[in-house]
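Quick note: the coordinates plus some simple rules give every number you see, no bench work behind them. Being a predicted model, the structure only gives us computed values, none of them experimental. Heads up, the Cβs are rebuilt from the backbone with ideal geometry, glycines too, and the neighbour counts pull from every protein chain shown.
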C-alpha cells in the first residue's frame, strides 16, 4: 500500500521551502531555497525583496519537491497541502498561502494552515519519533525565545519567554555592531570559537527571576564594553564572551524548567538551536541531569517545510481550513498559561 503523503510550503521569512512527508513522518523530499545572498548587502531581511523572491521561487521549489518524491505537478500523489499562515512577514506569507490555496483547489485536497512556531515544535520528531512526553522545548530563534512544556501534540504550556529581545535578535544586533555581517548568529558562532569566553563578564540577566529571559541589557553591555575599549578590542573575545552569556542563561533556564516540571527530556528548536555552543552546553547539562536531550539536525533547526508537514499531519483530520484562510503575521501559538 502506498503511504499517504502531505505537501508542505514554508515562506514566512526569507526561505522558500517545500517538502513531501509521509504519514509516519518520513521526509521523502525537502527543498529549501535561501535568500541570504539577496539580503546580506542590507544587513537584514528586506520584506519587499523577500516577497518578490518568493514569487519567483515558489513554483520551481514545489515542483522540485514533488518530483523528488516521484510525483508531478499534475499528479502530485498527496492527500493535503500544509502551509505556514503565520507568524512572519505578511508579503512572504501571502505568497506561500496563495500558492498553497491554488494547489489545494486544483488537486482537490484539503488545505491545512500551520503556525510556524508549532512547526519548530515538531521538527525534532522528524528525526527522533521517540521523543517522550512531557518534555521541555527551548524554542529559540530570531523572533522568539520561549520555554514550553510539551505535554503532547497540540498541548503546550508556556513556562517562560523573553521580555524584550529574542536571543537570535540579540545575535544579529551584536553581529551588526561588531561588523560581522548577516546573518549574525553563524558569524558570531564561528568567531567565538577563536576567542576567550571569559575575557568579558557580561551580565546573565534575570538569572534568578523565574523562567523569563532578557537579552536587551546584554546587548547594551557589549556595546559599552567595546566603546570603552576604543580600538583596543579583540572582536573574537567579545563574540565568545557574548555567546557564553547567552548560552549560560538559555541552558540554566531550560534545566530549571525541566526540574520544575519533571519533564523527561529537553528539546531544542528554532534557528539558534543550530548554535554549536548552545548544543554542546545543553547536551552536557542533560547528561549531568540524567535526562535525554534532543537536538534537531542543523537543517531542521532553520526554517524548512518538512517541519510544517509534520505539524500538518497532526492537524489534517481535525482542521478543515477553507480557501478563505488568511495569513496572520502576528499569529500566536495556542498556549496554556499565555496572556490573552
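Considering only DSSP beta bridges whose two residues both sit in the chain, what percent are antiparallel, to the nearest 5?
Details: 26 of 44 bridges.
Of the beta bridges lying entirely in the chain, close to 60 percent run antiparallel.
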Could you tell me how far the Cα centroid of the range 70-133 sits from the Cα centroid of the range 297-321, in Å? 6
Determine, for each peptide in 100-112, 199-211, the mean count of other beta carbons within 10 angstrom over its residues, then list the peptides with the highest first. 100-112, 199-211
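When you count, for each residue, the other Cβ atoms within 10 Å and take the mean per peptide, how do 276-289, 185-198, 79-92 rank with the highest first? It would help to have the intermediate numbers written out before the result.
Numbers: 276-289: 16.4, 185-198: 18.3, 79-92: 24.5.
Listed from highest to lowest mean packing, they are 79-92, 185-198, 276-289.
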Round to the nearest 10 and give me the degree value, 0 to 90, for the angle of helix 235-261's Cα axis relative to the longest principal axis of the chain. 70
What the 10 Å binned alpha carbon P(r) of the chain shows, as percent of pairs per bin from 0, is 6, 26, 32, 24, 10, 2, 0
How far is helix 276-289 tilted, in degrees, relative to the longest principal axis of the Cα atoms in the chain, given as a value from 0 to 90 rounded to the nearest 10? 90
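Can you say what percent of the DSSP beta bridges in the range 132-300, counting only those with both residues inside, are antiparallel? Round to 5. Before the final figure, lay out each step's value.
Values: 12 of 20 bridges.
Taking every DSSP beta bridge within the range 132-300, about 60 percent pair in antiparallel fashion.
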Return the whole-Å distance between the Cα centroid of the range 1-37 and the Cα centroid of the range 189-230. 36
Fraction of the pair-distance distribution of the range 43-187 above 23 Å, Cα-Cα pairs, percent: 52
Need one number for the range 104-147: average projected area of the convex hull over its C-alpha atoms, nm². 4.8
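Kindly work out what percent of the DSSP beta bridges joining two residues of the range 17-115 are antiparallel, to the nearest 5. Walk me through the numbers before you get to the answer.
Values: 5 of 10 bridges.
Here the antiparallel bridges make up roughly 50 percent for the range 17-115.
Sorted by packing (mean other beta-carbon atoms within 10 Å per residue), highest first, where do 24-30, 235-241 land?
Working: 24-30: 17.4, 235-241: 21.7.
Sorting 24-30, 235-241 by mean packing, highest first, produces 235-241, 24-30.
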Tell me the volume per residue, in Å³, of the convex hull enclosing the alpha carbons of the range 132-300. 106
Helix 167-177 sits at what angle to the longest principal axis of the chain, using alpha carbons and giving 0 to 90 degrees rounded to 10? 60
